Structures are given as C-alpha cells and as structure tokens.
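Report on the following structure.
The values are calculated or read from the model by the stated rules, or taken from the named source; none is laboratory data. Everything quoted here is computed from the prediction, not taken from an experiment. With ideal geometry, Cβ positions are generated from the backbone for all residues, glycine too; neighbour counts draw on all protein chains shown.
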Amino acid sequence: MRIGELAERAGVSVRALRYYEEQGLLAPERTPAGQRRYVEGDIERVRFVQLLYAAGLTSRGAHALMPCFDTGGTDDEQRSMLVRELGRIRAQIAELREVETRLEHLVEVAHVGPAVGAAAAAPGTAA
C-alpha cells in the first residue's frame, strides 16, 4: 500500500510516517521508482509506535523496543527498559488517579452558581 493509505488506515499523518522512517521505526520497501510500499503489518507497527510515544517514550526508546514488537521476545537490556518504563507509567497512572479523586471531590462539593470571586462583587460592579 502507498504512504497515504497507510497514514489513513493507521490514523497518522504522512509526515509522521516519514519521521518514523527517518528514526528507523518503519522500513518500507521501495519500488524501482523510489516510491514507498507498505504491508498490512505496518498498520499495527505504526499503532504500536504511537502507543510508545503516547506513553512518553522517546524515538530512541521506541527504536530500542521495536525488536520486541517484531519477535515477541526481549533481551536483558530491553527487558530492563520495559520494567523501567512500566514503573514510570504506573507512577503516572497513580498521579492521574489522585487528580481524578480530587476533581471528583470538587464536583461533589461544588455549588452551581457564580464563579468564585464573582459572588463578592456587588450587582452592577466588576468582580
């Protein structure tokens, strides 16, 4: 498939695909005319790269983990990196849960009405 079709099916921009190629995260075949050609498996590969980026990994980190995607296995260095990243992600989740709890509390105790500060202003005057 061509680059535009992969971009559409994977939900990314053509520019992102070119960047992934520059970073060694994606390796399309080339036609004799130099056009990129992708296979079905590249859709999931691109989605995996997107997940890694969304999780906060760098291009270098994503590149180091791509062999895991390709083979389903890891070496000691990759496994160590996966464990570190998993710990970092779990810490982020814990922080997000704390924010969620605080926001839920605010929603429960908040009164519907004028914003804070607006209630102190007299009618017809600025807050």
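The sole residue among Arg45, Arg36, Arg30 that is over 15 Å from the mean Cα position of the chain (by Cα), under 19 Å from Glu5 (Cα atoms) and surrounded by 15 or more Cβ atoms within 10 Å (Cβ to Cβ) is Arg36.
Looking at the stretch 52-66, can you tell me whether even one residue there is touching a Gly at 6+ places or on another chain (Cβ under 6 Å), within 24 Å of Ile3 (Cα to Cα) and in contact (Cβ under 8 Å) with a residue 40 or more places away in the chain?
So in the stretch 52-66, the residues touching a Gly at 6+ places or on another chain (Cβ under 6 Å) come out as 63.
Restricting the remaining residues to those that are within 24 Å of Ile3 (Cα to Cα) gives 63.
After this cut, where a residue has to be in contact (Cβ under 8 Å) with a residue 40 or more places away in the chain as well, the list is 63.
Checked the stretch 52-66: at least one residue is touching a Gly at 6+ places or on another chain (Cβ under 6 Å), within 24 Å of Ile3 (Cα to Cα) and in contact (Cβ under 8 Å) with a residue 40 or more places away in the chain.
Test Ile43 against the criterion of being in contact with a Leu (Cβ under 7 Å, 6 or more places away or on another chain), part of a helix (DSSP H, G or I) and either on the phi > 0 side of the Ramachandran plot or modelled with pLDDT of 90 or more (or both), and give yes or no.
On the way: in contact with a Leu (Cβ under 7 Å, 6 or more places away or on another chain): yes; part of a helix (DSSP H, G or I): yes; either on the phi > 0 side of the Ramachandran plot or modelled with pLDDT of 90 or more (or both): yes.
Answer is yes for this residue.
When Ala33, Ala64 are checked against the criterion of being in a helix (DSSP H, G or I) and out of contact with any strand residue (DSSP E or B) (no Cβ under 9 Å at 6 or more places or on another chain), Ala64 stands alone in meeting it. Screening Arg88 on (1) in contact (Cβ under 8 Å) with a residue 24 or more places away in the chain; (2) assigned by TED's automatic domain parsing to the domain that holds Leu6; (3) on the phi < 0 side of the Ramachandran plot shows it passes everything except condition (2). Among all positions in the stretch 79-89, there is at least one residue which is surrounded by 13 or more Cβ atoms within 10 Å (Cβ to Cβ) and among the acidic types (Asp, Glu).
Annotation for the stretch 13-24: at least one member residue is closer than 22 Å to Leu57 by Cα and touching a Ser or Thr at 6+ places or on another chain (Cβ under 7 Å).
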